[in-house]
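Participant: Next up is a structure, given as structure tokens.
The values are calculated or read from the model by the stated rules, or taken from the named source; none is laboratory data. Remember, it's a predicted structure, so these values are computed and weren't measured experimentally. Cβ placement follows ideal geometry from the backbone for every residue including glycine, while neighbour counts extend to all protein chains displayed. Keep in mind that these areas ignore ligands, DNA and RNA; they rest on the heavy atoms of the full protein, side chains included. Shrake-Rupley method; radii C 1.70, N 1.55, O 1.52, S 1.80 Å.
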Amino acid sequence: MASRLVRIIVATALAILFETAVIVGCTLATPDNAAPTFGMTCLAFAIVAFLGGRIPTVAAVVTGALELALILPGEGFAVSDPDHAIGLIGVITTGVMMAWYVARRDTLSAVLAADVAASRQAAEWRSVAHAELAHRLSNDLSILVSMASIKANDATSLEARDLLTDIGSRLVVLGRVYQRLEVRDRDTQDAIAARQFLLDLCGDLQLTTLSIGSISLRADIDESLRLPIRTLSLLGLVANEMLTNVRKHAFPNGEGGEVLLYLHRHTFRPDCVELIVTDNGVGFSSGDGKDRRGRSLLVLLAKQIQGTIAYARISGTTVATLQFALPAAAAIGAIGAQGE
């Protein structure tokens, strides 16, 4: 507060000195013609208003008006020449308008600064709240995973044990999805690069789900593809489910093989995206109850992003394909990127 007051006092003193120097200099340069003095005084008002602020401008206008009234011919502050009086009124009017403009500008700047400060504080509070929420979510997921593991160990039925194990593994993946996306306070349509997210997820799965046997996982992902957080999180769950099914059904005995995860825009439909997972395993069995449950879950996940799931067996290769509509925000961004 004290430093601000000092700055105002210094700026006011400099403004008065500058205004006085302009008036005195112009008067001495053209003693028989007041018009240049009036014009330069108005210009000096504008310079002070631009550089000094409201209080220095008001001080310069008051001081300048008094100095002009005193310098112009007449008794005391009375101006005898009507033309000089009109010119003085014009100078004062210009100065008042400058002071009004600066006062309005400073007021708007103060309001804007207050709004920015309030927005910043609100953003900080939201960031703290989301960090706390993410921490609690991580803890809750860990508890659920532990409970599922305990219940799976206690289960007497093999089917129940498998179901609880599957639930635990999906909860682990869900936790990894949230960690990868680093959920923050942002709009659900904010686009995130899909490539790095899925590469990280594939790396996790290679070390965990696909670590049994010599299963080689290769990824081919469009570098320019960006998707909203919600879409990308569901896509991560779909990819995990597909790759988990590959490990269970394509390589049931832990033998090795090759798996490809492919994510690109549809070749003939630019408003759609394709996620394809292929493997050279033993294939799938339509009569396998666990296989049907896995496919049902994939269908439910696909519907949430307006997608469809299809399966095929081509020349000893199993192909699982998810096609879904490119979200509007991502489609607009893609058009803009192609235009550039």
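Participant: How much accessible area does residue 16 have with a 1.4 Å probe, in Å² rounded to the nearest 10?
Facilitator: 50 Å²
Participant: Could you give the length gained by full extension between residue 311 and residue 2, i.e. 0.36 nm per residue of separation minus their alpha carbon distance, to one decimal place?
Facilitator: Result for the pair: 103.8 nm of gain on full extension.
Participant: Then there's this: Computed over the Cα atoms of the stretch 29-98, what is the ratio Rg over Rh, Rh following Kirkwood?
Facilitator: 0.97
Participant: Here's a follow-up. Among 151-160, 256-265, how do they line up from the highest to the lowest mean number of other beta-carbon atoms within 10 Å?
Facilitator: 256-265, 151-160
Participant: From the square roots a ≥ b ≥ c of the eigenvalues of the alpha-carbon gyration tensor of the stretch 74-124, which class results: rounded (a/c under 1.5), prolate (a/b over b/c), or oblate?
Facilitator: Taking the square roots of the gyration eigenvalues as a ≥ b ≥ c, the stretch 74-124 is prolate.
Participant: Calculate one ³J(HN,Hα) per residue across the stretch 318-325 by plugging θ = phi - 60° into the Karplus curve 6.51 cos²θ - 1.76 cosθ + 1.60, and present them in order as whole Hz with x for glycine and proline.
Facilitator: Ordered by residue, 3J(HN,Hα) equals 8, 10, 10, 10, 10, 10, 9, 6 Hz.
Participant: Another one. Sort all Cα-Cα distances of the stretch 79-177 into consecutive 5 angstrom bins from zero, then give the percent of pairs in each bin up to the one containing the longest distance.
Facilitator: Calculated P(r), rounded to whole percents: 2, 11, 9, 9, 7, 6, 6, 5, 6, 5, 5, 4, 4, 4, 3, 3, 3, 3, 2, 2, 1, 1, 0.
Participant: At 7 Å along the Cα-to-beta-carbon direction for both residue 220 and residue 144, put a label point, then send me their distance in nm to one decimal.
Facilitator: It works out to 3.5 nm between the two label points.
Participant: So, taking all protein chains as they sit and a 1.4 Å probe, how much accessible area belongs to residue 303, in Å² rounded to tens?
Facilitator: Spelled out: residue 303, probe radius 1.4 Å, area about 140 Å².
Participant: Let me ask you something else. Enumerate the amide H contacts of residue 326 below 5 Å, restricted to partners 5 or more residues apart or on another chain; note that Pro and chain-start residues carry no placed amide H.
Facilitator: So residue 326 has HN proximity to 272, 273.
Participant: What order do you get for 26-37, 269-280, 95-106 when each peptide is scored by the mean count of other beta carbon atoms within 10 Å, highest first?
Facilitator: On the way: 26-37: 14.2, 269-280: 18.7, 95-106: 17.1.
Packing proxy ranking, top to bottom: 269-280, 95-106, 26-37.
Participant: Same structure, new question: From the backbone phi of the stretch 91-105, what are the Karplus-calculated ³J(HN,Hα) couplings (6.51 cos²θ - 1.76 cosθ + 1.60, θ = phi - 60°) in whole Hz, Gly and Pro given as x?
Facilitator: 5, 5, 4, 4, x, 5, 5, 4, 5, 5, 4, 5, 4, 5, 4
Participant: Further question: Taking the full set of protein chains and a 1.4 angstrom probe, give the accessible area of residue 84 in square angstrom, rounded to the nearest 10.
Facilitator: Solvent-accessible area, nearest 10 Å²: 40 Å².
Participant: In terms of solvent-accessible area of protein heavy atoms at a 1.4 angstrom probe, what is the ranking of 38, 268, highest value first?
Facilitator: The ranking, largest first, comes out as 268, 38.
Participant: Only four residue types carry charge here, +1 at the Cβ of Lys and Arg and -1 at the Cβ of Asp and Glu. Report the dipole size of the stretch 7-94 about the Cα centre in Debye, rounded to the nearest 20. It would help to have the intermediate numbers written out before the result.
Facilitator: Values: 2 positive and 6 negative charges, 99 e Å.
Around 480 debye, computed over the stretch 7-94.
Participant: Quick one: angle between helix 289-303 and the longest Cα principal axis of the chain, in degrees between 0 and 90, rounded to 10, please.
Facilitator: 20 degrees
Participant: Between residue 103 and residue 116, how many nm apart are label points set 7 Å from Cα along the C-beta direction?
Facilitator: 2.4 nm
Participant: Compute the orientation-averaged projected area for the stretch 1-56 from the convex hull of its Cα atoms and round it to one decimal in nm².
Facilitator: Average of the hull's projected areas for the stretch 1-56 equals 3.6 nm².
Participant: Right, next: Which one, 86, 24, 62, projects farthest toward the positive side of the charge dipole computed for the stretch 7-114 from Cβ point charges (K/R +1, D/E -1)?
Facilitator: So the residue we want is 62.
Participant: Roughly speaking, what is the stretch gain from residue 154 to residue 128, that is 0.36 nm per residue apart minus the C-alpha to C-alpha distance, in nm to one decimal?
Facilitator: Answer, rounded to one decimal: 5.4 nm.
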